[in-house]
Amino acid sequence: MKNKLLFLLIVIQASNIYSQILTDRPSQTDSPFVIEKGNIQIESGINIQEIQSDINSLIRIGIFDGFELRINSNYIINDEISFQKKSSFDDFEIGSKFRIIEKTENKFNISFLTYLSIPTAPEVFSYNEYGFLNKLLFSHNLTSDTKIGYNIGYNKFTNYDDLLKIFIYLR
């Protein structure tokens, strides 16, 4: 009985210690914080909308201080084309995040995120060409436990109109 109680106590304490991670929300917002060298972080989520649902998966690998490699994939279910039984992964994305500024005295952070979109999906779910997705990521501490962040991004595909994206989040 003592061993079970001790095990439970250790598990509870360990979850408090190691649960303090900074996540990005795949396909929604991105934090300017870069994971540490040697760490691997897997993030996933689901975005349900009236017409389309996305299941997001992001793998982040800390390569060196201030730099991470990212692999992103989304599974899409689209109700408008469901009569064709169409659901699929969309284009595969590989990219990186670079820390530009990390100021501890005024709690201000900036990073740059870039992806190469590789046309791997079926035609209906794909841009059908390579493209670049780029974002500047910002974060400011408002109080000791409240942050505001925002992303300004630009997507470039040859045969599509360029797309400027702006996201704001409060954490």
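For the condition in contact with a strand residue (DSSP E or B) (Cβ under 7 Å, 6 or more places away or on another chain) and either at pLDDT below 90 or surrounded by 15 or more Cβ atoms within 10 Å (Cβ to Cβ) (or both), what is the one hit in PHE83, PHE89?
On the way: PHE83 fails: in contact with a strand residue (DSSP E or B) (Cβ under 7 Å, 6 or more places away or on another chain).
Sole residue among the options that is in contact with a strand residue (DSSP E or B) (Cβ under 7 Å, 6 or more places away or on another chain) and either at pLDDT below 90 or surrounded by 15 or more Cβ atoms within 10 Å (Cβ to Cβ) (or both): PHE89.
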Scan of the range 44-68 for residues that are farther than 17 Å from SER111 by Cβ and of a type in the set (Val, Ile, Thr), ordered by number: ILE46, ILE48, ILE51, ILE55, ILE59
Any strands (runs of 3 or more DSSP E) falling wholly within the range 36-110 and containing at least 2 residues that are in contact (Cβ under 8 Å) with a residue 40 or more places away in the chain and under 19 Å from GLU123 (Cα atoms): 67-78
Selection within the range 119-150 - assigned to a strand (DSSP E or B), over 17 Å from the mean Cα position of the chain (by Cα) and more than 20 Å from GLY66 (Cα to Cα): GLY131, LEU142, THR143, THR146, LYS147
Residues within the range 113-139 that are under 20 Å from LEU164 (Cα atoms) and buried (at least 19 other Cβ atoms within 10 Å of the Cβ), tallied: 9
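So is ILE101 farther than 22 Å from GLU36 by Cβ, of a type in the set (Val, Ile, Thr) and either out of contact with any Leu (no Cβ under 7 Å at 6 or more places or on another chain) or loosely packed, with under 15 Cβ neighbours inside 10 Å (or both) or not? So that I can check it myself, show each step before the final result.
Numbers: farther than 22 Å from GLU36 by Cβ: no; of a type in the set (Val, Ile, Thr): yes; either out of contact with any Leu (no Cβ under 7 Å at 6 or more places or on another chain) or loosely packed, with under 15 Cβ neighbours inside 10 Å (or both): yes.
Taking the combined requirement at face value, the residue does not satisfy it.
Quick test for you: out of ASN78, ASN109, pick the one residue that is farther than 16 Å from TYR154 by Cβ and at pLDDT 85 or above.
Working: ASN78 fails: at pLDDT 85 or above.
Residue meeting the stated conditions: ASN109.
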Positions within the range 115-171 being out of contact with any Asp or Glu (no Cβ under 9 Å at 6 or more places or on another chain), within 30 Å of THR104 (Cβ to Cβ) and of a type in the set (A, V, I, L, M), in sequence order: LEU136, LEU142, ILE148, ILE152, ILE166, ILE168, LEU170
Those residues of the range 151-165 which are farther than 22 Å from PHE33 by Cβ and not in a loop (DSSP other than H, G, I, E, B), in sequence order: ASN155, LYS156, PHE157, LEU163, LEU164
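The values are calculated or read from the model by the stated rules, or taken from the named source; none is laboratory data. In this text the structure is predicted, and so the values were computed from the model without any measurement. All Cβ positions, glycine included, derive from the backbone under ideal geometry; neighbour counts span all protein chains shown.
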